[in-house]
Structure formats: structure tokens, C-alpha cells
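What follows is a set of notes on a single structure, which appears directly below.
The values are calculated or read from the model by the stated rules, or taken from the named source; none is laboratory data. Owing to the predicted nature of the structure, the values given are computational and were not obtained by experimental measurement. FYI the Cβ positions are ideal-geometry reconstructions off the backbone, even for glycines, and counts take in every protein chain you see.
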Amino acid sequence: MKPSYKGFEAKKNGGFLTLPPAGAYIAEIKEVRFVPQDPLENRDRDVIELMMEIAEGEYAGRYMAFYQDQKERFGDNTKYKGVFRLVAPLEHDEDWRKRTFEGNLWCVEQSNDGYTWDWDEKKLKGKKVGISVRERLYTYNDKERSTTEIAKFETVADVKAGNVKPMKPRDQRTGGSAAEDSTDGSGFTEVSKTVDVPW
């Protein structure tokens, strides 16, 4: 046959990048975005969106690398996957909401000498913290699929010491467990989403 294109070079196909597997990682807060409550948008609480990136180990830089790989393949509709959302509780909210918010920020305080949360979300940028990543099971086009997501914060010390227990998968499959869909039993709820990048 005749050459069908120019520049042919026989080489191994490197495959596609994947998201970090379930586990515990040391991460850095790369960007911070405040999203105020807005009843018209069905948003009844303030939200702090944190753009996270793994800072150490085998998967360092993976969230941005995955985003760039996906954008190259699928275009500008690609979303950044390494996002963690802190939902600010209201005065009348249930105690578990306050424990979740306080517990996550305690992990940031414990992981950064001299830092204390003072309700200025901009100061979170550049801070390091541990993240617990879990598997998420879901149904798409009648097929069962899985991915991973950031589920909660840990202290950097606990991640380094190997003291973080694996989390149960969050089951969002058709007919999946509603209990696993909302909380993991420790008072933490899933707050991981995707957002546009750059912010």
C-alpha cells in the first residue's frame, strides 16, 4: 500500500491517564473560589470550592495531568476532577454539618504550622492537607461504571504515618445504597465535584 500520511513512527501506545485510585494522599490547595448562597440557584448555603492537587508521591500532579489529557481528547467541555467543596453550615443546621465543616478545617490547621481558620477562605490557598480518595460506583447508559473522588480531608501526619483507613465506595448505581450515597458513617459527607479550569 502507499503511505496514507506523513510522519509515521512505530512506537508504543502509552495509553490514557486515569484518576488517582482510592487511598490517602498529601495534597495542596491550588485555588480557592467562594460561591455564595443563592436561593434562585437552589443554593441555600455558602460553599468554598477548593482546587486540589496531589503534591507528593507517585500520583503528584495527577489531577491537572488528567485534566489536560482529557481536554486534549474531548475538548473544552472537560472538567477538573480534583475539587473539594466545603459547605458552610448555618446556625440552625444539624450538628453533623458543623462537625463535617470543623473537622475538615481542623485537618488543614493541623497540617500547616501557625495556621488557624479565621473565616477568610482566601488564606486556604497554598496550604497542604491530606485527602482521602474513595471509589464512586454509578450507572451510565445502563452500564455499571466506577471512578474516584476526594471524599474528606485528613492530616498530613496521618497520611505519612499510614493511619488513614480506606473508605467504603460511594454507591450511586441504579438501586445502590442510599446510605452510602450520603455519608460514610463518620459524620463526613461527599463534597467532591468538578469545575471549569482555570477559575
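Could you figure out which of (1) surrounded by fewer than 18 Cβ atoms within 10 Å (Cβ to Cβ); (2) within 21 Å of the chain's Cα centre (by Cα); (3) more than 28 Å from Leu137 (Cβ to Cβ) isn't true of Gly61?
(3)
Evaluate the stretch 136-143: report whether one residue or more is under 16 Å from Glu53 (Cα atoms) and touching a residue at least 24 places away in the same chain (Cβ under 8 Å).
no
Only one of (1) modelled with pLDDT of 95 or more; (2) surrounded by fewer than 15 Cβ atoms within 10 Å (Cβ to Cβ) fails for Asp76. Which number is that?
Every listed condition holds for Asp76 apart from (1).
Name the residues in the stretch 83-96 that are crowded, with 17+ Cβ neighbours inside 10 Å and without any contact (Cβ under 8 Å) to a residue 40 or more places away in the chain, would you?
Selection gives nothing.
Can you run down the residue pairs with Cβ atoms below 7 Å, 6 or more apart or on separate chains, where the first is in the stretch 51-80 and on the phi > 0 side of the Ramachandran plot and the partner is polar (S, T, N, Q) and surrounded by fewer than 14 Cβ atoms within 10 Å (Cβ to Cβ)?
That search, which allows pairs on different chains as well, returns nothing.
Return the residues of the stretch 154-168 that are of a type in the set (D, E, K, R) and without any contact (Cβ under 8 Å) to a residue 40 or more places away in the chain; say none if nothing qualifies.
The answer is Lys165, Lys168.
Give me the residue from the stretch 19-49 that is in contact with a strand residue (DSSP E or B) (Cβ under 8 Å, 6 or more places away or on another chain), hydrophobic (A, V, I, L, M, F, W, C) and free of Cβ contacts under 8 Å to residues at least 60 places away in the same chain and, out of that set, farthest from Gly130 (Cα to Cα).
Among them, the one singled out is Val35.
Quick one: in the stretch 137-177, which of the residues that are outside any strand (DSSP E or B) and basic (Lys, Arg) is nearest to Ile26 (Cα to Cα)?
Lys160
Is at least one residue of the stretch 107-121 touching a strand residue (DSSP E or B) at 6+ places or on another chain (Cβ under 9 Å), under 18 Å from Ile26 (Cβ atoms) and free of Cβ contacts under 8 Å to residues at least 40 places away in the same chain?
The answer is yes, given that some residue of the stretch 107-121 is touching a strand residue (DSSP E or B) at 6+ places or on another chain (Cβ under 9 Å), under 18 Å from Ile26 (Cβ atoms) and free of Cβ contacts under 8 Å to residues at least 40 places away in the same chain.
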